[in-house]
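To keep things clear, I will list the structure first and then write my remarks on it.
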Amino acid sequence: MRLFVPLDRARRAEAASALGSLERGMEILLCLAAGMRPMNLTQVHRSTGFSKTTTHRLLGSLQRRGLVTRTGGDYTVGGRLADLVPPRGWAVQGRRLPGSRRVVLPHLLQLYEATRQTVNLAVRDEFEVAYVERLYGHNRVTSPSDGIDRAPLHCTATGKVLLAYDAGLRAAFLAAPALRRMTGRTVTRPAALERELAAIRGEGVGYARQEFAEGVCCAAAPVFGPDGGVCMAVAVAAPAGAAALPRMGAAVRRTAHQITGALLL
């Protein structure tokens, strides 16, 4: 009876084992990326079909290498992987903020945990907002921006915030053709919109009350970059009947302040 394994055979076995682990790790990353929301151990285990023990071990390995971020009991793609492949839209009007996703994402996760409603992060793209991060649970609100991750400036909370704090954008936008009506509550008169933008600058929070989509309310606050200019807007969207707008406004304002401070470090 042979008491040893030839070296080349042992190496092949080792390589096959390593490849299997690599493929399983990639499946977990793809699962988290496809979900676009925090997932706990049980959800990842059920989505991938791996055993709980294997899932927990691989998540731990990915977390130690900075490819997965854990907040509480939830996991999401983040850290080093996000910096290696920055998502479209994180370049703010041509200016990239290096490492910003790694800094911002933990704060978005905390906001989601506090509200359990859809959390959005948006940047300006010409006369639209581009949603570059979205975190949500099973009760997410539906929106016309689903699948395209874009929306008008004048009828979304994030868009209003970006307009309120960017004088050049505001002047160009208000000089453009008539504002499009999306619902019966959409503000379409430039004078009325300007008054609302002034109020946003005073309060530090912008709101959209079923102005972009029926049944959806949203609160947003500005994030300022190292140059002092507005660079992003963070928001929470919720069903109109369940939305406590003052509470949502306070939560997004607090999160936006935290992100602004983190970007300055």
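The values are calculated or read from the model by the stated rules, or taken from the named source; none is laboratory data. Every value quoted in this text rests on a predicted model; they were computed, and no experiment measured them. All Cβ positions, even for glycine, are placed from backbone atoms using ideal geometry, and neighbour counts span all protein chains on display. For accessibility, only protein heavy atoms count, side chains too; no ligands or nucleic acids. Shrake-Rupley method; radii C 1.70, N 1.55, O 1.52, S 1.80 Å.
The set of residues in the stretch 143-179 that are part of a loop (DSSP other than H, G, I, E, B) and touching a His at 6+ places or on another chain (Cβ under 8 Å) contains only Leu179.
Scanning the stretch 249-265 for residues that are open to solvent by less than 40 Å² (accessible area, probe 1.4 Å) and not polar (S, T, N, Q) gives Gly249, Ala250, Ala251, Val252, Ala256, Ile259, Gly261, Ala262, Leu263. Put simply, of Pro239, Pro246 the only residue that is within 17 Å of Val141 (Cβ to Cβ), open to solvent by 40 Å² or more (accessible area, probe 1.4 Å) and at pLDDT below 95 is Pro239. Per the listing Arg101, Arg140, the residue uniquely charged (D, E, K, R), open to solvent by 20 Å² or more (accessible area, probe 1.4 Å), in a loop (DSSP other than H, G, I, E, B) and at pLDDT below 85 is Arg140. Of all residues in the stretch 157-196, those satisfying the criterion of being within 16 Å of Gln210 (Cα to Cα) and exposed (fewer than 11 other Cβ atoms within 10 Å of the Cβ) are Arg180, Gly184.
Any idea which residue in the stretch 23-67 is surrounded by the most Cβ atoms within 10 Å (Cβ to Cβ), counting only those that are free of Cβ contacts under 8 Å to residues at least 24 places away in the same chain and hydrophobic (A, V, I, L, M, F, W, C)?
Cys31
Kindly indicate whether any position in the stretch 251-264 is in a loop (DSSP other than H, G, I, E, B), of a type outside the set (Lys, Arg) and out of contact with any helix residue (DSSP H, G or I) (no Cβ under 7 Å at 6 or more places or on another chain). The answer is no; no qualifying residue exists.
The lone criterion from (1) under 17 Å from Thr118 (Cβ atoms); (2) free of Cβ contacts under 8 Å to residues at least 12 places away in the same chain; (3) among the basic types (Lys, Arg) left unmet by Arg150 is number (2).
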